[in-house]
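Visitor: Please find one structure pasted underneath; my questions will follow.
The values are calculated or read from the model by the stated rules, or taken from the named source; none is laboratory data. Please read these numbers as outputs of a predicted model, since none were measured by experiment. Quick reminder, even Gly has a Cβ in these numbers, built from the backbone with ideal geometry, and neighbours come from all protein chains shown. Quick note on the areas: whole protein, heavy atoms, side chains included, nothing else; ligands and nucleic acids left out. Shrake-Rupley method; radii C 1.70, N 1.55, O 1.52, S 1.80 Å.
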Amino acid sequence: MSREDILSNIKKNVPVLTELPIITYKDFNEVRDLKKLFIENIEATGGKAIIAEDKNDAALHIKDLFGEPGNVISLSEGINISTINPTEISSAKEFDQLELAILDAQFGVAENGAVWVSEKNIYNRVIPFITLHLVLVLNEEQIMENMHDAYEKLSSFEEGYGVFISGPSKTADIEQSLVIGAQGPLSTTIFLINQNN
Amino acid sequence: MIGHPQAAEIFNEDEERVNWHDKSLWGVRQKRDNVASKVKGWEELRELASEIKAHTLSKLDEYLIQFEIQAKKNRAIVHWATNAEEHNKIVYKILNEHNAKNVVKSKSMLTEECGLNHYLGKKEIDIVDTDLGERIVQLAKEPPSHIVMPAIHKKREEIDELFHQHLKTELSGGDEVYLAREARKHLRQKFLNADAAITGVNFAVAETGIIVVCTNEGNADMGVHSTKLHIACMGIEKLVPKLEHLGIFLRLLARSATGQPITAYTSHFRSPKKGNDFHIVIVDNGRSNHLGMPDFRNSLRCIRCGACMNTCPVYRRSGGHSYNATVPGPIGSILSPGFDLSKYSSLPFASSLCGSCSNVCPVKIDIHPQLYKWRQVITEKSHKDRIKNIVIFISSRIFSKPSAFKLCSKFGNLSLRLLPQSITNSLVKGWTKHRMLPKVPENTFTEWYKKNRML
């Protein structure tokens with residue numbers, strides 16, 4: 001059995017046990033304006049960050065940015081502009097004409113401009129990737145400083161799938177020239193909303 | 001198979017290309033420096049990453065078992081492959097059981113190492129690499145020349161021509177936006193018509209059975225979420241003990257690789273969608289033996305960022321293909337000899353031992369000391385290089401006798417000054433190919449010292 005062969009050969013060859021280091025994650029924190037840093041990093045990834053007063057305001061911005069797109073799925077409560085009901089669709093092929101997806105993100109990470117979305121935010125895992133344009137809505141109070149803080153928040157993560165999204169899909173595989181829009185969305189916009197409004 | 005020096009010589013025939021290649025990679029190294037310097041505690045992060053990996057390797061068997069238990073709980077099906085052949089057979093068997101003929105694959109150096117594309121190709125399976133760089137080299141029927149930027153050696157005009165030929169695009173003079181959009185259309189059709197997706201694995205978390213895959217293009221996710229079958233292939237060394245450790249490695253990985261603070265997508269796969277299948281193939285292929293080599297086991301800490309390649313003066317000027325190994329550059333030069341010493345015996349010599357690789361390595365692998373140790377192993381095993389042996393023999397005699405040394409340095413100094421350059425250059429042929437010998441001083445050092453020491 002390969003499993004036993006591999007495991008017994010590893011057991012035979014492992015070095016003397018070394019302990020896991022003791023890690024003090026708070027040593028990596030600094031006093032910083034997280035919202036500002038977050039926005040700067042989103043822009044550095046080729047994404048767009050927009051501060052909106054509330055979801056109605058966000059909806060107006062979306063109209064300005066995208067006009068009247070043909071196929072829209074919004075899973076963000078309060079931005080009710082869906083033209084497609086995702087529950088009626090089962091295969092990726094049927095999502096291929098999706099022009100705009102609007103989803104809630106759970107939290108953002110200031111140090112790299114990423115936001116976390118998981119299964120419960122996206123309904124179908126293919127949506128954030130297959131859509132032409134992606135909009136993510138985030139409560140501005142949910143900005144973590146760095147990835148250590150992010151994983152602390154994810155310590156009870158139990159879902160089947162989750163992803164950090166940082167800006168739109170991109171490639172630099174042709175002579176290191178950056179092209180925004182590779183196999184996923186051509187644009188990613190993050191709305192920062194003050195939930196208290 | 002030709003060795004690195006001969007292959008590098010071929011690459012160096014086109015000086016302009018060498019300079020261009022050198023410059024592109026140095027640009028990536030500079031981006032890395034720029035973002036790394038903005039992180040508070042960067043050096044501490046490297047140290048922690050190194051220690052976590054060392055710990056993981058020291059109880060790798062236990063962590064693999066823990067990972068397997070967790071993955072099974074998550075409804076993943078776990079397979080074990082001793083070598084490349086078994087890996088390929090397992091993947092084929094899974095595909096065959098699902099009657100999958102069209103397969104999309106995101107970047108995985110492991111499947112390159114195992115020759116999976118070639119194997120599946122013979123079984124009439126259409127396997128498409130979906131990372132743009134990998135698609136480019138796949139169309140060109142070449143292996144990747146870099147682990148993060150597979151087509152870094154290709155010029156835009158060549159890609160233009162390649163796409164024109166295979167994807168029927170217009171010749172655009174190498175317009176990157178046009179070419180990337182055409183690739184997008186082409187790959188989108190492949191995703192939508194695929195029966196299965198294969199991905200690599202950046203990290204596997206023992207505690208939770210989660211695998212993490214990082215891409216910028218979104219191609220891994222497009223593949224996995226468009227199909228009903230996901231096969232993830234991972235080497236045994238991809239494990240980290242806990243979910244929280246990902247924070248450390250993800251802060252280091254993209255910054256070291258491309259100078260980005262994080263990749264566009266960092267996907268965490270725990271369970272398949274309802275009705276879908278998720279298989280994980282754990283591959284040894286020489287790694288557990290490598291773990292048993294005390295001088296060289298640290299190289300298994302590698303997280304495949306490619307920073308050592310971008311910084312290496314030899315890699316930048318000889319190109320990835322000259323290493324003839326799945327993983328080129330400094331890290332490849334210490335990994336490959338562990339798997340096949342005779343095949344890769346020239347690689348540890350493809351270095352100036354400047355140590356830049358060790359300095360940028362995010363998990364602090366002692367790359368250049370290992371290169372040096374491999375040289376000793378190889379030199380001991382082979383005495384093929386007769387001229388080198390004669391030179392070393394004569395030198396040891398000269399250096400161990402002061403009188404002989406004095407005589408020879410005087411003679412050497414005189415001949416270097418008096419003989420015509422064509423003769424002196426030919427004495428150190430390789431060295432003078434791209435540079436002149438330095439001006440020879442009028443006195444030997446001993447003469448100079450005798451004259452000046454009283455002052």
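Visitor: Under 1.5 on a/c is rounded, so check that first for region A:74-197, then, if it is not, pick prolate when a/b is larger than b/c and oblate when it is not; a ≥ b ≥ c are the square roots of the alpha carbon gyration tensor eigenvalues.
Guide: Because a/c hits 1.5 or more and a/b fails to exceed b/c, region A:74-197 counts as oblate.
Visitor: Run the paramagnetic zone check for B:Asp33: 7 angstrom along Cα to Cβ, then residues of region B:349-393 with backbone nitrogen under 17 Å.
Guide: Backbone N within reach: B:354-362.
Visitor: Run the numbers on chain B and let me know its relative contact order in percent, using alpha-carbon pairs under 8 Å that are six or more apart.
Guide: 21 percent
Visitor: What nm value, rounded to one decimal, do you get for the distance between A:Asp64 and B:Lys433 when each label is placed 7 Å out toward the C-beta?
Guide: Those two pseudo-labels are separated by 6.1 nm.
Visitor: Also, quick follow-up: If the cut-off is a Cα-Cα distance under 24 Å, which lysines reach B:Lys451, setting aside same-chain residues fewer than 8 apart in sequence?
Guide: B:Lys401, B:Lys406, B:Lys410, B:Lys439
Visitor: Indicate the gyration tensor shape class of the protein assembly as shown (rounded, prolate or oblate), computed on the Cα atoms with a ≥ b ≥ c the square roots of the eigenvalues: a/c under 1.5 is rounded; otherwise a/b larger than b/c is prolate and the rest oblate.
Guide: prolate
Visitor: If you don't mind, there's one more thing I want to ask. In region B:39-285, what % of DSSP beta bridges are antiparallel (nearest 5)?
Guide: Rounded to the nearest five, the antiparallel share is 25 percent.
Visitor: Here is a further query. Which one, A:Ser155, A:Ser82, A:Gly108, is farthest towards the positive end of the dipole of region A:59-197 when Lys and Arg carry +1 and Asp and Glu -1 on their Cβ?
Guide: A:Ser82
Visitor: I'd like the FRET efficiency for B:Phe411 and B:Gln6, computed as 1/(1 + (r/R0)^6) with the beta carbon distance as r and R0 of 30 Å, rounded to 0.05.
Guide: 0.35
Visitor: What spacing in nm lies between the two simple spin-label points modelled at B:Ser352 and A:Asn85, each 7 Å away from Cα in the Cβ direction?
Guide: The modelled label-to-label distance comes out at 6.8 nm.
Visitor: Right, something else. Nearest 20 debye, what's the magnitude of the dipole of the protein assembly as shown about its Cα centre given +1 on Lys and Arg Cβ and -1 on Asp and Glu Cβ?
Guide: Roughly 3360 debye, rounded to the nearest 20.
Visitor: What longest range of chain B stays clear of loop-exposed GluC sites (Glu not before Pro) (DSSP non-H/G/I/E/B, at most 13 other C-beta within 10 angstrom)?
Guide: That gives B:171-441 as the longest site-free run.
Visitor: Give the Cα extents of region B:303-455 along the principal axes, in whole Å, largest first.
Guide: 56, 35, 33
Visitor: Please compute the Cα-Cα pair-distance distribution of region B:310-395 with 5 Å bins starting at 0, giving whole percents from short to long.
Guide: Cα pair-distance distribution for region B:310-395, in percent: 3, 15, 24, 22, 19, 10, 5, 2, 0.
Visitor: Which GluC sites (Glu not before Pro) does region A:128-197 hold that lie in a coil by DSSP with at most 15 other beta carbons within 10 Å?
Guide: Those that pass, being in a loop and sparsely packed, are A:Glu141, A:Glu158, A:Glu159.
Visitor: To continue, here is another question. Would you tell me the mean number of C-beta atoms belonging to other protein chains that fall within 10 Å of each C-beta in B:43-52, as a whole number?
Guide: Neighbouring Cβ atoms belonging to other protein chains average 3 per residue here.
Visitor: So in chain B, what percent of DSSP beta bridges are antiparallel if you round to the nearest 5?
Guide: Around 25 percent of the beta bridges assigned by DSSP in chain B are antiparallel ones.
Visitor: Within region B:1-77, how many Lys pairs sit with Cα atoms under 22 Å apart, leaving out pairs fewer than 8 places apart on the same chain?
Guide: Close lysine pairs found across region B:1-77: 5.
Visitor: Measure up B:Lys89/B:Lys242; A:Lys48/A:Lys93; B:Lys105/B:Lys238 against 23 Å on the Cα-Cα distance and list the ones that go over.
Guide: Where the Cα-Cα span goes over 23 Å, the pairs concerned are B:Lys89/B:Lys242; A:Lys48/A:Lys93.
Visitor: When only the heavy atoms of the protein chains count and the probe is 1.4 Å, how do B:Met309, B:Met436 rank by accessible area, highest first?
Guide: Result of the area sort, largest leading: B:Met436, B:Met309.
Visitor: Kindly work out what percent of the DSSP beta bridges joining two residues of the protein assembly as shown are antiparallel, to the nearest 5.
Guide: 30 percent
Visitor: Which of rounded, prolate, oblate describes region B:39-285, given a ≥ b ≥ c as roots of the alpha-carbon gyration tensor eigenvalues and a/c under 1.5 marking rounded, otherwise prolate only if a/b is larger than b/c?
Guide: In terms of gyration-tensor shape, oblate.
Visitor: Then there's this: Per residue of A:146-159, how many C-beta atoms from partner chains lie within 10 Å of its own C-beta, taken as a mean?
Guide: 4
Visitor: In nm, what is the difference between 0.36 nm times the number of residues separating B:Glu442 and B:Lys89 and their Cα-Cα distance?
Guide: Extra length available between B:Glu442 and B:Lys89 comes to 120.2 nm.
Visitor: Mind checking how much accessible area A and B bury in total, 1.4 Å probe, in Å² rounded to 100?
Guide: Chains A and B together bury approximately 6800 Å².
Visitor: For labels at B:Lys72 and B:Lys343 in the simple 7 Å Cα→Cβ model, what's the distance in nm?
Guide: Inter-label distance under the simple model: 3.3 nm.
Visitor: Any aspartates and glutamates with Cα under 17 Å of the B:Lys228 Cα? List them, leaving off those in the same chain fewer than 8 positions away.
Guide: A:Glu94, A:Asp96, A:Glu119, B:Glu97, B:Asp126, B:Asp195, B:Asp277
Visitor: Further question on the same structure: Suppose every Lys and Arg Cβ carries +1 and every Asp and Glu Cβ carries -1, with no other charges. What dipole size does region B:39-285 come out with about its Cα centre, to the nearest 20 debye?
Guide: Roughly 780 debye for region B:39-285.
Visitor: Report, as an integer, the average count of C-beta atoms from other chains found within 10 Å of each Cβ along B:243-250.
Guide: 6
Visitor: Once phi is turned into ³J(HN,Hα) by the Karplus curve 6.51 cos²θ - 1.76 cosθ + 1.60 with θ = phi - 60°, what whole-Hz value does each residue of region B:217-224 show in order, with x for glycine and proline?
Guide: 8, x, 6, 5, 5, 4, x, 4
Visitor: Let me ask something else. Fully extended, how many nm does the chain gain between A:Asn194 and A:Arg3 (0.36 nm per residue separation, minus their Cα-Cα distance)?
Guide: 63.5 nm
Visitor: While we're looking at this one, here's another question. Which net charge results for the neighbourhood of B:Ser352, defined as the other residues with beta-carbon distances under 12 angstrom from its beta-carbon, given Lys and Arg at +1 and Asp and Glu at -1?
Guide: Counting the neighbours of B:Ser352, the net charge comes to +2.
Visitor: Another one. Among B:Ser299, B:Thr169, B:Gln138, flag the residue with its Cα farthest along the positive direction of the charge dipole of chain B, charges on Cβ as +1 for Lys/Arg and -1 for Asp/Glu.
Guide: Among B:Ser299, B:Thr169, B:Gln138, the one farthest towards the positive end of the dipole of chain B is B:Ser299.
Visitor: With a cut-off of 20 Å, note down the residues of region B:410-428 whose backbone N falls inside the zone around a label point 7 Å from the Cα of B:Ala404 toward its beta carbon.
Guide: So the set is B:410-415.
Visitor: Follow-up. Restricting to DSSP H runs of at least four residues, report the calculated mean residue ellipticity at 222 nm for the protein assembly as shown, -39500 (n - 2.57) per run over all residues, nearest 500 deg cm²/dmol.
Guide: Result for the protein assembly as shown: -13500 deg cm²/dmol, rounded to the nearest 500.
Visitor: I've got another one for you. Given the options A:Phe164, A:Ala44, A:Asn13, identify the residue whose Cα lies farthest towards the positive end of the charge dipole of chain A (+1 on Cβ of Lys, Arg; -1 on Cβ of Asp, Glu).
Guide: It is A:Asn13, whose Cα lies furthest towards the positive end.
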